[in-house]
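Heads up, the thing below is written out as structure tokens.
The values are calculated or read from the model by the stated rules, or taken from the named source; none is laboratory data. Computed from a prediction, not measured in an experiment: that's the story for all the values here. Reconstructed Cβ throughout: ideal geometry from the backbone, glycine too, with neighbour counts over all protein chains shown.
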Amino acid sequence: MSPLSNLAARDVETLVHPYTDLASFRETGPLIFERAQGVYVYDTEGKPYIEGMAGLWCTALGYGNEELVEAATAQMHKLSFAHLFSGRSHDPAIELGEKLKEIAPVPISKVFFCSSGSEANDTQVKLVWYLNNALDRPKKKKIVSRVKAYHGVTIAAASLTGLPGNHRDFDVPLPGFLHAGCPHHYRFAQAGESEEDFASRLAAELEALIESEGPETVAAFIAEPVMGAGGVIVPPRTYFEKIMAVCTKHDVFMISDEVICGFGRLGTAFGCEKLGFVPHSISVAKALSSAYLPIAGVMIPEALYQALLVESKKIGTFGHGFTYGGHPVSAAVALKAIEIYSRERIFDRAAELAPRFQARLRALNDHPLVGEARGLGLIGAVELVADKPTKRSFLPQRAVGPRVVQFAEAEGLIVRAVAGDVLTLCPPLIISEAEIDELFDSLTRALDNTLDWVQRERIAEP
Ligand SMILES: Cc1ncc(COP(=O)(O)O)c(C=O)c1O
């Protein structure tokens, strides 16, 4: 192993890295990026990589967009900070709130701003609790999420998340957070079960869960339209219509976590439009500002807003808020990002590029290591297996997914491996057809190199 560069050595002695094996990282050190342009990021040696993950599912407009830089600079000169506490306000937050109401896929009354997806989802939980207190239903507080969901890492958001790696030894989920079945047909359907039958079974299981807990105790259901960090899981046909029917029957508030799917990822403005369901409220973050600055929000329907009025009148304040919620510079950048999305028809463009992206993705189903290549719009995943007919996974300690990531980096491609040796892809929405081809050519070479290694080292053996 080559000795770490000075910068890398300083990193190892200085930073705790999220989602990193902290022990082996001390040997490998970081991959350090210095600059970026378009869909490419460049490391400290000047080597270019296609950012096949849009950072963390977020840099929709790619890098080096001068309009976004100028929007931030102009707002910093004008009013670098102002908050929304105690009735204060500022122009960028008001305008952004209006814009989000205008483009929302469901009737929205108000917007609450925060800075991250986790804060948005924590806020969703608190608002639902507040709502049911306002409605004098103090027992109706449980929240149903799903196995393999990802909703963030703050304590309520981590409780919503349905991934063991986010729970283990962190003492979450908190009581009152339930996880319904994962809508992944490849892994969880029974032999011969159609997508529709699988969806019906998941809805029946959700209903059984709500009934066994007591509908008077179940407040809300939260879902990503397409699950992201759980492995890019596209639900089976008819899933959301069946799930929504159960939620409606038991008066369960429906939250769409659009932190990844919002702003064009699936070729529609919001993911719920593509998947055909109508949530009560929506969480947004990431591509809201194309990740040039942190900003997130909760889009609140009128009925929920009325409950906030009732409670805050009773208590004397709405006792929730973050210092940087609706930060004027972030809000100005988000406004500009939405202007660009509209002017350059970015969501339609994503829809137009999706067939090529999905065709190249699905062609990987023929690769000997690939159990399932799946996706929707401009998001996808490749699930690696040790044995295709039985869908047997590699032993986790073989770290096959991380090995593909290394081979991909050598080919100049950034992808991410999530649990279960699933490689995720989520390029900037501004990617060109030629860059899509370059991405998949590099990924194919990385998979071929991984296959050589798997065969040479007999990695597939149980
Ligand atoms: C669907 C979804 N919700 C919430 C979050 C949490 O967002 P953040 O990391 O900004 O807290 C993420 C992050 O990837 C996400 O993918």
Mind telling me which of the residues 222, 243, 300 ends up being more than 16 Å from residue 57 (Cβ to Cβ) and within 11 Å of the ligand (Cβ to nearest atom)? 222
Selected residue (only one of 108, 103, 94, 50 is buried (at least 18 other Cβ atoms within 10 Å of the Cβ) and closer than 30 Å to residue 306 by Cα): 108
When restricted to 311, 339, the only residue modelled with pLDDT under 95 and acidic (Asp, Glu) is 311
Find all pairs meeting these conditions: Cβ atoms under 7 angstrom apart; at least six residues apart or on different chains; first residue within segment 123-150 and within 22 Å of residue 299 (Cβ to Cβ) and surrounded by fewer than 20 Cβ atoms within 10 Å (Cβ to Cβ); second residue modelled with pLDDT of 95 or more and among the polar types (S, T, N, Q). 141/132; 141/217
Within segment 5-50, work out how many residues are in a loop (DSSP other than H, G, I, E, B) and among the basic types (Lys, Arg). 1
Return the residue satisfying two criteria in turn: it lies in segment 280-338 and is among the β-branched types (Val, Ile, Thr) and part of a helix (DSSP H, G or I), and of such residues it is surrounded by the fewest Cβ atoms within 10 Å (Cβ to Cβ). 315
Starting from segment 160-184, take each residue that is among the hydroxyl-bearing types (Ser, Thr, Tyr) and list its partners that are crowded, with 18+ Cβ neighbours inside 10 Å, counting only C-beta distances under 7 angstrom and pairs at least six apart or across chains. 161/149; 161/150; 161/151; 161/152
Can you tell me which residues in segment 173-220 are assigned to a strand (DSSP E or B) and either touching a Leu at 6+ places or on another chain (Cβ under 6 Å) or more than 30 Å from residue 389 (Cβ to Cβ) (or both)? 177, 178, 180, 218, 219, 220
In this structure, is residue 73 within 16 Å of the ligand (Cβ to nearest atom), out of contact with any Cys (no Cβ under 9 Å at 6 or more places or on another chain) and modelled with pLDDT of 95 or more? no
Based on this model, can you work out whether residue 145 counts as of a type in the set (S, T, N, Q) and under 25 Å from residue 275 (Cα atoms)? yes
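Every residue, every condition in (1) among the hydrophobic types (A, V, I, L, M, F, W, C); (2) at positive phi; (3) part of a helix (DSSP H, G or I), yes or no:
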site	(1), (2), (3)
107	no, no, no
113	yes, no, no
123	no, no, yes
171	no, yes, no
Contacts under 7 angstrom Cβ, first residue in segment 296-319 being of a type in the set (Asp, Glu), partner part of a helix (DSSP H, G or I), 6 or more apart: 311/130; 311/133; 311/134
So which residues in segment 246-267 are more than 16 Å from the ligand (Cβ to nearest atom) and part of a loop (DSSP other than H, G, I, E, B)? 250, 251, 252, 267
